[in-house]
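Okay, so here's the structure we're looking at.
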Amino acid sequence: MIDPRTASATIDTDALRHNIDAIAHHVAPAQVMAVVKADGYGHGAVTCARVAREAGAPWLGIATIGEALVLREAGDTGPILSWLHGPEEDYEPAVADGIDVTAGTVDQLSSALMAAAACEKTARVQLELDSGMRRAGSDPAEWDHLCRAALECEQTGAVKITGIWSHLATADEPDHPATQKQADAFADAVAHARSVGLEPEIVHLANSAAALGHPELHHDAVRLGIAMYGIDPGDGCATRAGVELLPAMRLRAQLAAVRHVNEGDGVSYGHSWIAPHDTTLGLVPLGYADGILRAASGRVKVRVGNRTVPIVGRVCMDQFMIDLGPDAPDAVGDEVTLFGAVDGPRAEDWAEGCDTIGYEIVSRIGGRVPRVLEDGDE
Ligand SMILES: Cc1ncc(COP(=O)(O)O)c(C=O)c1O
């Protein structure tokens, strides 16, 4: 673990609350399912789950059963949906703890049934349709079979079908025709499931982008991920929806060293950057092992005081260099903000510079970077 004075990711729980409130207001009467998988997109799943519940989120969404169990161990007792299960996985701990599992195949339904028998509890199962993402869930051609098998399981009392859901592939692109096709396939599948006799408590399709930009797709709940963390799911989705998002993670460090280099000096591995003039370099004690992408070199700026300055030379495993400029006033110990400051740079700027998405920038921040909670009330 890095000393929190040296570097940390500060997590602004007020910003999390603000984002959840703003979107809950935007999507009401649909409910919010706060998605806290991958350690809350790097922000800390337990913290984010707690804040989401305090902000009134009735549901939590998470990828794996193991992740869901961590939330239960931390004291969460509310509805949680998990959706990514391997073929040999034991669903029993989830069923025993009242965690909803997902079935997109009859085999997954059988795993839930076996778990229910093993712990003598009704398994809470949500059926997933592949409405067009082609990633997971039931093929529409198999849907009737899955629904009928689910109904049979329900009639034994071992399983309760609590929900029906699907995932969108292109909701961040406002006019992409695939979204409407997925929406139609989903609506047909839900109607079919009801006609077969299933009575799901919740039906949900929307991710952050659809929560913000597709009110017609909100159904009973929206699965709110990236926007909860204050990152726009696409180019201007939040602005178009009139929702202000505040970054919840600020990645910061202290300058660990400051050194003068001469014009022509090669810097870092491979000497891929040669100082074009005499200048001052700052050493930032975070590297690619902490999630700082190597692609950031020369393409991303960080904040030092009231300036933004470029990353230069190759990003190393634990550290990287920034060009503070000639006659720089900066000293060892001065604060560097990599992203998440209100006045920038933001995770979105890193994403643009590194040719990726804000999701990857925040969720990759590694385990040795301390998460430090910042909250006016705590
Ligand atoms: C199944 C599912 N639902 C919802 C989400 C949340 O998506 P977003 O972060 O775009 O809101 C994800 C995240 O990728 C997901 O995999």
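The values are calculated or read from the model by the stated rules, or taken from the named source; none is laboratory data. Since the model is a prediction, treat every value here as computed from it, not as a measurement. Note that we place each Cβ from the backbone using ideal geometry, even for glycine, and neighbour counts take in every protein chain shown. Note: accessible area is taken over every heavy atom of the protein model, side chains too, but ligands, DNA and RNA are not part of it. Shrake-Rupley method; radii C 1.70, N 1.55, O 1.52, S 1.80 Å.
Within the span defined as region 29-38, one or more residues are open to solvent by less than 50 Å² (accessible area, probe 1.4 Å) and in contact with a Pro (Cβ under 8 Å, 6 or more places away or on another chain). For residue 203, the conditions (1) in contact with a His (Cβ under 6 Å, 6 or more places away or on another chain); (2) open to solvent by 10 Å² or more (accessible area, probe 1.4 Å) are fulfilled apart from (2).
Kindly check whether there is at least one residue in region 200-218 that is within 22 Å of residue 372 (Cβ to Cβ), over 15 Å from the mean Cα position of the chain (by Cα) and part of a strand (DSSP E or B). No: region 200-218 contains no residue that is within 22 Å of residue 372 (Cβ to Cβ), over 15 Å from the mean Cα position of the chain (by Cα) and part of a strand (DSSP E or B).
On inspection, residue 211 passes the criterion of being out of contact with any Phe, Trp or Tyr (no Cβ under 9 Å at 6 or more places or on another chain), of a type outside the set (Ser, Thr, Tyr) and modelled with pLDDT of 95 or more.
Filter region 273-294 for residues that are in contact with a strand residue (DSSP E or B) (Cβ under 8 Å, 6 or more places away or on another chain) and assigned to a loop (DSSP other than H, G, I, E, B) and give the result.
Matches in region 273-294: 275, 278, 285, 286, 287, 292.
Listed here are the residues, each with its yes/no results for (1) assigned to a strand (DSSP E or B); (2) buried (at least 20 other Cβ atoms within 10 Å of the Cβ); (3) more than 31 Å from the chain's Cα centre (by Cα).
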position	(1), (2), (3)
258	yes, no, yes
263	no, no, yes
298	no, no, no
302	yes, yes, no
310	yes, no, no
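Criterion first (over 18 Å from residue 45 (Cβ atoms), away from the ligand (no atom under 16 Å from the Cβ) and of a type in the set (Gly, Ala, Ser)) does residue 103 satisfy it?
no
Looking for something within 16 Å of the ligand (Cβ to nearest atom), farther than 23 Å from residue 237 by Cβ, modelled with pLDDT of 95 or more and in the same structural domain as residue 37 (by TED's automatic domain parsing) - is there at least one such residue anywhere in region 150-157? Looking for residues that are within 16 Å of the ligand (Cβ to nearest atom), farther than 23 Å from residue 237 by Cβ, modelled with pLDDT of 95 or more and in the same structural domain as residue 37 (by TED's automatic domain parsing), one finds none in region 150-157, hence no.
Just give me the residues in region 214-234 being under 21 Å from residue 347 (Cα atoms), more than 8 Å from the ligand (Cβ to nearest atom) and open to solvent by 10 Å² or more (accessible area, probe 1.4 Å), in sequence order. Within region 214-234, 232, 234 qualify. Please enumerate the residues belonging to region 22-41 that are within 16 Å of the ligand (Cβ to nearest atom) and out of contact with any strand residue (DSSP E or B) (no Cβ under 7 Å at 6 or more places or on another chain). Correct list: 22, 26, 38, 39, 40, 41.
Inspect all residues belonging to region 291-306 and state whether any of them is touching a residue at least 60 places away in the same chain (Cβ under 8 Å) and among the aliphatic types (A, V, I, L, M). Yes, the conditions are met somewhere in region 291-306.
Among the candidates 78, 66, 61, which residue alone is within 17 Å of residue 124 (Cα to Cα) and either open to solvent by less than 10 Å² (accessible area, probe 1.4 Å) or modelled with pLDDT under 95 (or both)?
None of the others qualify; the one that does is 61.
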